[in-house]
Amino acid sequence: MNPAARTGGWQRPGFLQARGGRLTMDGLDLVGLAEERGTPLLVYSEARLRSVARRMLGAFRQRHAHTTLCFASKACSAPRVLGLLRDEGLALEVNSGGELFKGLTAGFAPEQIVFNGVAKSREELAAALAPPIKAINVDGLDELARLVETAERCGRRANVALRLVPGVESATSAGNRTGSEATKFGLAAHELPEALAILRRAPEQLALVGVHAHIGSQIGDPALFRQSARSVMRLVSELQADLGQAVQHVNLGGGFAIPYVHEAAGAAQASAEQGGLFREEARPEAIADAVVPEIRAALGQQVELLFEPGRSLVGEAAVLLSRVEAGKRRDGRDWLVVDAGYNVLIESLAYKWYYQALTANRLDEAESADFRLVGPLCDSGDAFHDVEGEALLDGLLAREPALEGQRTLLESALVRLPRLRRLAAGTGVGDLVAFLDVGAYAYDQLTANNGRPRPEVGLIAADGGYAPMRRRDSLPDLLANELL
Ligand SMILES: Cc1ncc(COP(=O)(O)O)c(C=O)c1O
């Protein structure tokens, strides 16, 4: 295979590049960094975080000046990351009292924070009232009633945005769809009259400031955002007519897809990843072009437009470095065991999420080969292929041999990750495997499963220097909170 083709696609000038056959981020040699700091190691780029945020904010504000981007902190709530996104002019989305606490600690003002969630407790609602945050995105009738009580008790008036169900079936993995009544989210159309009645009954406790919708994550098609905007605008006009007041803001949530598959030459090995989901990309310009005209036509130029991007702000900005600890030969295939599994990248298990891998210290090697790539944990499911999906397919074909003719179709439906990963042919024990685009939904979900310390997480600062922003767990950390 032509190495230029193999390594060409993932390189991002000035950010991720090969130098002397080694992976660099912002010019820093990640192979040397992993030797110095140990593995697994999760490394973020400050320059990338800032430039992505700046570009996204610029794209939206150019099309609608009164736009606020609330970073979805669940995607990465590292205090340093929150702080630098705040510096870039972003506001914040939180999904729990814990995230609210982290956001306030990172320096966000209450009036910069919006609060989502399907199960907000009285304590969490009270924390969101002291002082009142920008909006509590109320998810249901029970929550609205609970908020009236809590606001009364606290002697505060809550800023309420109603989370609506836009009725959009997003083209993403099932666990990441949130826009229809088939999911647990939002106030369904039949619940709105009751919600409005509660709002009318409690003007001292509730101020309706906005509406909210979020259709899911890793959504590439701007038309789905337009569909959501249209649906929300229909509901808003009914709401406004009923209450005789205008909303101040419309929040269309997050969900903008980023590409996880980069190299043209990797197409074959990546063909099994969920029907192209990981090739999707939703550019902010395209989303703004799709929704801004809808919102303006309905509510004018002055209305504030909010979005809650998470993945698209931080996903691309981090790499996971893992060491190959062992090799095996099974089934005529070469297997590589690396020191990071779903204890570090939990979504590779939970959602069969695809992260592109490459051998960070062999980027100039001309030959490539296919490997089974697996993690260090004690279960077979700790693998970067779809163990459950492959077993389902094999079981089905063993039971119904007549289905063999449909193997390709069944495989595309049931097996959600590539069986093999193409890496430099010489990859073996001691080499460094890098997983790309791991900046979203890994940091907050690190676990100490199997007694494996959670890894160091670091940041390459804008001046090119590296500093840890979360230290690796020590062995005593594994006993933290244990009552001995
Ligand atoms: C309500 C809400 N807003 C925003 C987001 C962020 O989504 P994404 O990271 O795909 O942009 C999520 C993700 O789960 C969410 O639930």
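The values are calculated or read from the model by the stated rules, or taken from the named source; none is laboratory data. Bear in mind the structure is a predicted one, so any value in this text is a computation, not a measurement. Using ideal geometry, Cβ is built from the backbone for each residue, glycine included, and neighbour counts are taken over all protein chains shown. The accessibility values were calculated without ligands, DNA or RNA, using every heavy atom of the protein model including side chains. Shrake-Rupley method; radii C 1.70, N 1.55, O 1.52, S 1.80 Å.
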>> Checking Ala53 against (1) within 15 Å of the ligand (Cβ to nearest atom); (2) in contact (Cβ under 8 Å) with a residue 60 or more places away in the chain; (3) in contact with a strand residue (DSSP E or B) (Cβ under 7 Å, 6 or more places away or on another chain): exactly one of these is not met. Which one?
In response: (3)
>> Residue under question is Leu484, and the condition is that it be assigned to a strand (DSSP E or B) and farther than 27 Å from Val81 by Cα; does it hold?
In response: no
> Pick from segment 20-39 the residues that are touching a helix residue (DSSP H, G or I) at 6+ places or on another chain (Cβ under 9 Å) and crowded, with 21+ Cβ neighbours inside 10 Å: which of them is nearest to Gly464 (Cα to Cα)?
Replying inline: Asp26
>> Being assigned to a loop (DSSP other than H, G, I, E, B), within 16 Å of the ligand (Cβ to nearest atom) and acidic (Asp, Glu) is true for just one of Asp444, Asp437. Which residue is that?
In response: Asp437
> Restricting the search to segment 407-421, which residues are open to solvent by less than 70 Å² (accessible area, probe 1.4 Å) and either under 19 Å from Asp370 (Cβ atoms) or in contact (Cβ under 8 Å) with a residue 24 or more places away in the chain (or both)?
Replying inline: Glu411, Leu414, Val415, Leu417, Pro418, Arg419, Leu420, Arg421
> Any residue at all in segment 462-471 that is open to solvent by 50 Å² or more (accessible area, probe 1.4 Å) and farther than 26 Å from Leu30 by Cα?
Replying inline: no
>> Suppose we filter segment 179-205 for residues that are over 23 Å from Gln248 (Cβ atoms), among the polar types (S, T, N, Q) and open to solvent by 20 Å² or more (accessible area, probe 1.4 Å); how many remain?
In response: 1
>> Being more than 17 Å from the chain's Cα centre (by Cα), modelled with pLDDT of 95 or more, among the small types (Gly, Ala, Ser) and in a helix (DSSP H, G or I) is true for just one of Ala65, Ala47, Ala53, Ala18. Which residue is that?
In response: Ala47
> Which residue, of Glu365, Glu404, Glu325, is open to solvent by 30 Å² or more (accessible area, probe 1.4 Å), in the same structural domain as Pro455 (by TED's automatic domain parsing) and more than 30 Å from Ala34 (Cβ to Cβ)?
Replying inline: Glu404
> So which strands (runs of 3 or more DSSP E) stay within segment 98-187 end to end and still have 2 or more residues that are within 17 Å of Ser73 (Cβ to Cβ), within 20 Å of the chain's Cα centre (by Cα) and within 12 Å of the ligand (Cβ to nearest atom)?
Replying inline: 113-115
> Between a first residue in segment 238-261 that is charged (D, E, K, R) and a second residue that is outside any loop (DSSP other than H, G, I, E, B), which pairs have beta carbons less than 7 Å apart while being 6 or more apart in sequence or on different chains?
Replying inline: Asp242/Leu196
>> Looking only at residues that are within 13 Å of the ligand (Cβ to nearest atom) and of a type in the set (Gly, Ala, Ser) in segment 86-97, which one is surrounded by the fewest Cβ atoms within 10 Å (Cβ to Cβ)?
In response: Ser96
> Which is without any contact (Cβ under 8 Å) to a residue 24 or more places away in the chain and within 25 Å of Thr359 (Cβ to Cβ), of Val429, Val387, Val433?
Replying inline: Val387
> Here are Leu459, Leu436: which of them is in the same structural domain as Gly381 (by TED's automatic domain parsing), crowded, with 20+ Cβ neighbours inside 10 Å and more than 22 Å from Leu336 (Cβ to Cβ)?
Replying inline: Leu459
> Which residues, counting only those in segment 379-394, are assigned to a helix (DSSP H, G or I) and open to solvent by 30 Å² or more (accessible area, probe 1.4 Å)?
Replying inline: Val387, Glu388, Ala391, Leu392, Asp394
>> Please determine whether any residue of segment 250-257 is more than 16 Å from the ligand (Cβ to nearest atom) and of a type in the set (Val, Ile, Thr).
In response: no
>> Regarding segment 148-159, can at least one residue be identified that is more than 17 Å from Leu192 (Cβ to Cβ), acidic (Asp, Glu) and open to solvent by 70 Å² or more (accessible area, probe 1.4 Å)?
In response: yes
> Among (1) of a type in the set (Lys, Arg); (2) within 30 Å of Ala366 (Cα to Cα); (3) not in a strand (DSSP E or B), which single condition is Arg472 missing?
Replying inline: (2)
> Within segment 58-71, can you find the residues that are within 10 Å of the ligand (Cβ to nearest atom) and more than 19 Å from Glu46 (Cβ to Cβ)?
Replying inline: Cys70
> Across segment 210-249, which residue is surrounded by the fewest Cβ atoms within 10 Å (Cβ to Cβ) among those that are within 14 Å of the ligand (Cβ to nearest atom) and of a type in the set (A, V, I, L, M, F, W, C)?
Replying inline: Leu224
> Considering segment 98-129 alone, what residues qualify as being open to solvent by 40 Å² or more (accessible area, probe 1.4 Å), aliphatic (A, V, I, L, M) and under 18 Å from Ala207 (Cα atoms)?
Replying inline: Ala127
